[in-house]
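*Asks:* I have a structure I would like to understand better, so I am pasting it below and will then ask my questions one at a time.
What follows is calculated from the coordinates using simple rules that are stated; it is not laboratory data. It should be emphasised that the depicted structure is a prediction, and the values quoted were computed from it without experimental measurement. Here the Cβ positions follow ideal geometry from the backbone for every residue, glycine too, while neighbour counts run over all protein chains shown.
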Amino acid sequence: MGACIARRLAERGASVTLCGRSEEKGRALQEELEALGAGALFVPADLSDPAACYRVVDSALERFGRVDLLVNSAADTRRSTLESFTPEFFDYQFSLNVKAPLLLAQRALPSLKEHRGTIINIGSVNAYIGGQELLVYAATKGALMTASRNLANALKSDRVRVFCLNVGWMDTEGEREVQRGLGKPDDYLDQVAAGRPIGRLLVPDDIASVVLFLASEETSAFSGAVIDLEQHPVGGF
């Protein structure tokens, strides 16, 4: 999803700073964006480390001079229940899914204020209750949703807009890896997709289109919205 958002932004002429733990994938995506004619910078980072969060923003400012848009899409989606989670698991998932977006926003805030920028946090419909095997993950997304609303209110006079996109079940390379790790067959997501209302799961481009819209001048009058990007309306199961 993060890579798809980066591509769509680059196609619109944005300079993009991206980060991730895989340097090989990150460098390849940087080269791909540069081939589109966009300014691009990859910063190797595990965002559960606060110093890495600061380094990503500092690198973007050093290379491009400003931050107009912050999209927080990194997340740990591993499963947990009340019986299975450990203190270490809890701390890591909250560090990556909640603390990192706030640290990135904190570091980028002076530039976001100067340029009347936008923060878009990628949440999850699990924020409302969550699957029974997603206890800690659901808690992180609930926290991110509330933090997004809080920031939108706190930053309204600075004209920094904040949104939270609560994304539903999506078909990605990472999700397929998760399902294989749970012992599901390789075509499990394809089987599930056939029974969805539109005949498929969400794909990254569905989310990227909304990110582009919210980052544009067409939505300059709005802030603070939590938008559920899901085929099943929440409460409609």
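*Asks:* So for the chain, averaging the separation of alpha carbon pairs under 8 Å that are six or more residues apart and normalising by length, what relative contact order in percent results?
*Replies:* On the way: 372 pairs, mean separation 45.5, N = 237.
Relative contact order comes out at 19 percent.
*Asks:* To continue, here is another question. Scan around ASN166 for amide H atoms under 5 Å from its own, H built in the peptide plane at 1.01 Å from N, and keep only partners 5 or more places away or cross-chain.
*Replies:* Sorted by chain and number, the residues that satisfy this are GLY123, ILE227, ASP228, LEU229.
*Asks:* Oh, and also: Once you place label points 7 Å from the Cα toward the Cβ at LYS156 and SER209, how far apart are they in nm?
*Replies:* Each label point lies 7 Å from its Cα, and together they span 3.1 nm.
*Asks:* Between VAL192 and GLU11, what is the FRET efficiency for a Förster distance of 25 Å, r being their Cβ-Cβ separation, to the nearest 0.05? Mind showing how you got there, number by number?
*Replies:* Working: r = 30 Å, r/R0 = 1.20.
Between VAL192 and GLU11 the formula returns 0.25.
*Asks:* For the stretch 66-106, what is the Kirkwood hydrodynamic radius in Å, using each pair of distinct C-alpha atoms?
*Replies:* Details: mean 1/r = 0.0863 Å⁻¹.
Here the Kirkwood hydrodynamic radius works out to 11.6 Å.
*Asks:* Between Rg and the Kirkwood Rh of the chain, both from Cα atoms, what is the Rg to Rh ratio?
*Replies:* That ratio is 0.95, to two decimals.
*Asks:* Now for a separate question. Evaluate E = 1/(1 + (r/R0)^6) for GLU34 and GLU83, where r is the Cβ-Cβ distance and R0 equals 45 Å; express this FRET efficiency to the nearest 0.05.
*Replies:* Numbers: r = 48 Å, r/R0 = 1.06.
In this case the efficiency is close to 0.40.
*Asks:* A follow-up question, please. Where does the chain land at 222 nm, in deg cm²/dmol rounded to the nearest 500, when only DSSP H runs of n ≥ 4 count, each adding -39500 (n - 2.57), divided by all residues?
*Replies:* Values: 9 runs with 108 residues, N = 237.
Calculated at 222 nm, the ellipticity per residue is -14000 deg cm²/dmol.
*Asks:* May I pose another question? If you take the beta carbon distance between ILE129 and THR219 as r and set R0 to 41 Å, what does 1/(1 + (r/R0)^6) give as a FRET efficiency, to the nearest 0.05?
*Replies:* Values: r = 28 Å, r/R0 = 0.69.
Working from the Cβ atoms, E equals 0.90.
*Asks:* May I pose another question? Is any helix in the chain, taking whole DSSP H runs, at least 15 angstrom long along its axis by alpha carbon and on average at least -1.0 on the Kyte-Doolittle scale, and which ones? Display every interim value, and only then the final one.
*Replies:* Values: long enough: 23-35 (18 Å, -1.43); 50-64 (22 Å, 0.21); 100-114 (22 Å, 0.33); 135-154 (28 Å, 0.45); 204-215 (17 Å, 1.46).
Result, helices passing both filters: 50-64, 100-114, 135-154, 204-215.
*Asks:* Also, I was wondering about something else. Taking the highest mean first, how do the peptides 135-143, 176-184 order by number of other beta carbon atoms within 10 angstrom per residue? Could the numbers behind the result be given before it?
*Replies:* On the way: 135-143: 21.7, 176-184: 12.1.
Top of the packing list down: 135-143, 176-184.
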